[in-house]
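These notes concern the structure reproduced below.
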Amino acid sequence: MIARISGPGHKISQYEISDRELPAGSTLGAPRGTLLIKATGALEKLYSAQAGIDMFGTLVLHYWDGRTGIPLVPMPGDFIINPSHQEHIFELSNRVTVREDIFMLNSMPRGDDRRDVDPPAAYYTVELQNDATEAVEISTYASIHLNGGFTSVAGTVYDAANNAFVVRNEDEPDVVRIAACSVSPESYEVTVDGSKPSAATFPGKLSNTVLDSCDQPIGIFHLSHRLRPNARAKFYFVLTFSLEGEKDARAAFGSLPPAEDALEKTAEHYEIILNRAVVVTPDPEVNRGVLWAKANMLRSQSLTQQGWCFVNDPTRSNNSVGRDTAWYANGCDYVMPGFSKEILRWYIDHIEPNGMVVEYFDIRNGKTDDYGLNINDDTPLIIMALWHHFCITGDREFLEEVFPKAQRAANYILSQRNGEGLVWCTADKTSDWGIVGWRNIIDGYRLSGATTELNSECYAALRMVSYMAEELGDRDKRQHYADCADDLRTAINEHLLDKSRNLYYLNIDVDGTKRADVTCDLVFPVMFGVAEHEVAANIIARLSIPEFWTDAGLHTVPRNDINYQPTTGHGLLGGVWSGPTFWFAFAAAAFNPEFMAYALSVSFKHYSQDPRRNNTVPGQFSEWLHGETLTNQGMMLSPWFAPKYLWAAIEGAAGLTSGSKPDLKPRPSNAWSWIGVHNLQLRGNDVSWFAVRTPDLRVYTNYPFDSVEADQLYHEDITDSVHVSGDSAVRLALRRNDRAVVLIGNTLDRTITTAVTVKDRHLHGMSLVRAYNTLRREWIEIPEFDGAALKEGFPIQINSGGFAVLEFHGEQL
């Protein structure tokens with residue numbers, strides 16, 4: 001079953017799906033904690049990455065008829081999955097409609113250092129509405145696993161003043177958890193009787209007692225409501241905790257806003273982030289992919305004693321990985337650059353004495369590991385991410401701060417070259433200790449020596465250190481690292497390029513063997529500018545063959561390859577990983593934009609297509625898929641893939657070049673006649689642009705890119721002043737003193753009619769000089785136009801996936 005969704009996808013959106021069609025619920029995070037929702041709609045757990053353990057287990061609700069004592073069976077209902085929360089709407093057998101909503105409190109960080117954040121708080125809200133013609137009595141029982149992932153004996157007290165269970169464990173006395181109800185319960189109890197929460201007979205009034213100490217305590221709140229016809233009752237439960245003792249836990253609990261205010265603050269925070277770097281195309285799946293990528297990123301950001309970071313697995317891990325951090329920052333630079341800066345700074349500040357970047361660190365205590373490798377991909381990737389952050393933000397102070405350590409890392413890379421000039425990994429073990437690169441979790445597998453992946457990354461890193469030096473005015477260092485980069489590129493194309501196939505070797509092994517395996521890793525020399533144009537085109541063609549592709553993305557190894565296994569090595573020898581799909585989309589944009597568009601569209605759409613079968617959650621970027629069944633075999637929310645999607649859409653399809661002087665070369669698929677970006681933060685400016693085929697590609701923007709003609713340069717984005725009717729059209733609008741331009745794009749596969757309304761007073765005084773509409777595929781001069789029509793609504797008809805551009809001229813203002 002496909003989750004129901006409509007509209008162009010670039011704004012706040014939601015998925016609706018039957019509550020019988022999910023394998024798991026949403027993963028929702030905030031700076032101090034992450035919650036997971038069950039397929040049933042119950043809250044599965046609340047996890048603390050800083051503590052590395054579940055603070056609470058399941059919170060589940062059951063409903064009973066208060067008069068007869070019979071269980072009120074839920075009828076089939078629906079989940080509504082929003083970026084910031086998940087709702088569950090269903091009807092009980094007595095015709096009472098239940099609306100449950102689960103979310104993590106997550107409002108905008110406060111203060112210059114962004115360290116003032118909300119306490120960890122998982123909310124579970126309930127609204128009961130009696131749709132029957134008679135009054136009903138409902139007993140609600142909320143049962144909570146109070147011990148979470150702790151195994152030691154827990155002590156629980158009941159705080160009657162706050163309707164709360166307060167829990168701590170013998171071996172972790174400073175970890176204090178509070179589970180509270182917003183209203184005074186009819187009764188309560190702490191028990192070890194696991195059958196009580198789902199008893200076959202009416203539990204009745206509870207004992208109002210707690211067990212002083214036990215190892216698996218279950219806290220139960222019993223609520224009772226009498227509802228007249230059409231009457232409603234609202235209440236909620238909240239879970240919070242502190243790692244700093246009871247006083248801090250109570251202070252945190254006392255600072256929590258009521259659920260309604262908490263949800264409003266959380267939704268506002270999400271809306272602010274989702275309205276940044278908006279990408280619009282004729283394909284609503286791509287638009288939604290970009291929007292939900294930002295939502296996924298916001299869910300995975302944590303503030304710990306080590307600073308801002310994200311972990312490998314948001315509900316189970318406490319490790320932050322260097323390569324994932326680098327890729328994350330590339331996308332995050334466009335929406336939350338402060339977070340990018342913090343996560344990159346940790347790695348560059350904790351560089352090893354020899355100059356190598358660590359593989360990962362434990363966010364609980366800062367302990368690091370590098371798997372004993374002499375070189376890794378984390379080192380060049382972090383260097384590249386540092387440069388990318390400067391290119392997008394223009395933060396020169398940051399560049400000056402990190403350059404000495406980036407230079408040290410570059411020098412270490414140079415020290416690890418072999419006699420042929422290739423960067424050489426000496427590892428002779430397997431898995432993490434013998435694989436240098438992103439596929440490092442394949443058991444019994446070695447990928448070391450000179451790999452094309454690592455050498456391509458190191459070439460790009462050296463090139464970017466030379467750019468850093470140039471930006472800082474050091475010509476000698478600029479020339480030195482530029483020469484070193486050129487030398488490495490020459491060595492790669494001399495020794496790692498199989499000229500008989502015009503494809504690169506996977507690697508030259510430590511035993512000297514040249515391995516010609518064809519894998520998705522072929523994308524690296526294209527992405528990082530190592531391959532000459534002819535070779536790059538050949539690689540994109542090779543990666544575009546049917547054996548590499550599925551309806552959900554790119555195989556890591558093609559299906560007809562001798563090494564193909566759909567699940568071996570966590571899918572890294574034949575499964576489908578989203579990361580390579582997005583890398584391909586970026587690399588293919590200049591060679592095969594049709595496949596670029598296809599890759600971005602199908603990979604994200606898969607998450608909402610038959611989620612129960614595919615083991616996915618609509619809107620969430622899962623980890624890896626079985627190569628044949630395309631069912632998710634890994635995390636339900638993988639934190640590293642969403643930023644790559646955003647990066648591929650902006651720098652691949654939308655064409656932003658993130659160099660020392662950003663430029664623009666949009667690469668819409670031939671099936672796309674238009675593409676646009678709105679409200680992207682670039683060097684302190686709010687930048688927007690759109691490209692349309694008229695029939696040649698024509699670009700309009702409000703940023704002085706060298707590639708854009710002066711006639712198509714505008715000063716201000718006025719998109720928010722332009723409105724279009726219906727939910728299938730998108731709009732972008734730019735203005736300067738004497739001119740304005742408006743794009744209206746159609747995201748449907750059929751012709752639409754929409755009304756354009758403009759509230760900007762400057763446009764009302766301008767004349768509509770000409771318009772281009774893909775229905776006619778020509779510019780039409782409009783000598784007479786009444787600007788007042790824009791106040792009431794100017795009707796425009798647009799064909800399937802097409803657009804209209806309106807150009808206005810007026811007097812100097």
Assign one of three labels to the stretch 311-387, namely rounded, prolate or oblate, based on the Cα gyration tensor with a ≥ b ≥ c the square roots of its eigenvalues; rounded applies when a/c is under 1.5, prolate when it is not and a/b is larger than b/c, and oblate otherwise. oblate
Given the C-alpha centroids of the stretch 163-177 and the stretch 603-619, what is the distance between them in whole angstrom? 38
Given the -39500 (n - 2.57) contribution per DSSP H run of 4+ residues, what per-residue ellipticity at 222 nm results for the chain, rounded to the nearest 500 deg cm²/dmol? -7500 deg cm²/dmol
Considering every Cα-Cα pair within the stretch 637-718, what fraction, in whole percent, is farther apart than 17 Å? 47
May I ask for the Kirkwood hydrodynamic radius of the stretch 353-456, worked out over all distinct Cα pairs and given in angstroms to one decimal? 14.7
Over the stretch 1-88, what number does the Rg to Rh ratio reach, with both radii from the alpha-carbon atoms and Rh per Kirkwood? 1.06
If you keep only loop residues by DSSP, which trypsin sites (Lys or Arg not before Pro) in the stretch 317-373 have at most 14 other Cβ atoms within 10 Å of their Cβ? K367
Would you mind working out the magnitude of the charge dipole of the stretch 514-651 relative to its Cα centre, with +1 at each Lys and Arg C-beta and -1 at each Asp and Glu C-beta, to the nearest 20 Debye? 260
Take the alpha-carbon centre of the stretch 690-750, take the same for the stretch 82-108, and report the distance between them in whole Å. 38
Got a sec to turn the phi values of the stretch 623-630 into Karplus ³J(HN,Hα) couplings, 6.51 cos²θ - 1.76 cosθ + 1.60 with θ = phi - 60°, whole Hz, x for Gly and Pro? 7, 9, 10, 4, x, 9, 7, 6
State to the nearest 20 debye the size of the charge dipole of the stretch 444-566 about its Cα centre, where the only charges are +1 on K and R beta carbons and -1 on D and E beta carbons. 180
Of the candidates Y334, L399, L414, the farthest towards the positive dipole end of the chain (Lys/Arg Cβ +1, Asp/Glu Cβ -1, centred on the Cα centre) is Y334
The stretch 82-145, relative contact order [Cα under 8 Å, separation at least 6], %: 30
Using modelled amide H (1.01 Å from N, peptide plane; none on Pro or chain starts), what sits under 5 Å from the amide H of E359, excluding residues fewer than 5 places away? D369, D370
How large is the charge dipole for the chain, taken about the Cα centre, if only the Cβ atoms of Lys, Arg (+1) and Asp, Glu (-1) carry charge, to the nearest 20 debye? 1060
In the chain, with Lys and Arg counted as +1 and Asp and Glu as -1 at Cβ, which of these residues, G634, I17, H350, has the Cα nearest the positive end of the dipole, that is, farthest along it? I17
Among the lysines, which fall within straight-line cross-link reach of K661, defined as a Cα-Cα distance under 29 Å, with same-chain neighbours fewer than 8 residues apart omitted? K294, K341, K405, K477, K644
Computed on Cα atoms, the radius of gyration and Dmax of the stretch 517-624 in angstrom are 13.7, 44
Pop out the carbon and sulfur fraction of the accessible area of the chain as a percent, whole number, probe 1.4 Å. 46
Helix check for the chain. Which DSSP H runs span at least 27 Å along their own axis by Cα, with a mean Kyte-Doolittle hydropathy no less than -1.0? 396-415, 452-471
Under 8 Å for C-alpha pairs, at least 6 residues apart: give me the relative contact order for the chain, rounded to a whole percent. 11
Which value, in Å², gives the accessible area per residue of the stretch 57-111 when a 1.4 Å probe is used on the protein heavy atoms? 35
Candidate lysines for bridging to K759, where Cα separation is under 16 Å - those fewer than 8 sequence places away on the same chain excluded: K791
Tell me, what are the semi-axes, in whole angstrom and largest first, of the equivalent ellipsoid of the stretch 430-542 as set by the roots of 5 times the Cα gyration tensor eigenvalues? 26, 17, 12
At 25 °C and 0.890 mPa s, what whole-number value in µm²/s does Stokes-Einstein give for the translational diffusion of the stretch 167-226, with Rh from the Kirkwood sum over Cα pairs? 189
Can you tell me the relative contact order of the stretch 253-389? Whole percent, Cα pairs under 8 Å, sequence separation 6 or more. 21
Could you tell me how far the Cα centroid of the stretch 401-470 sits from the Cα centroid of the stretch 511-549, in Å? 18
Give the residue from Q712, P662, W672 lying farthest towards the positive end of the charge dipole for the stretch 656-752; charges sit on Cβ (+1 for Lys and Arg, -1 for Asp and Glu) and the dipole is referred to the Cα centre. W672
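The values are calculated or read from the model by the stated rules, or taken from the named source; none is laboratory data. Please read these numbers as outputs of a predicted model, since none were measured by experiment. Counting neighbours? That spans all protein chains shown, and the Cβs are built from the backbone with ideal geometry, glycine included. In case anyone asks, the SASA skips ligands and DNA or RNA and just uses the protein heavy atoms, side chains included. Shrake-Rupley method; radii C 1.70, N 1.55, O 1.52, S 1.80 Å.
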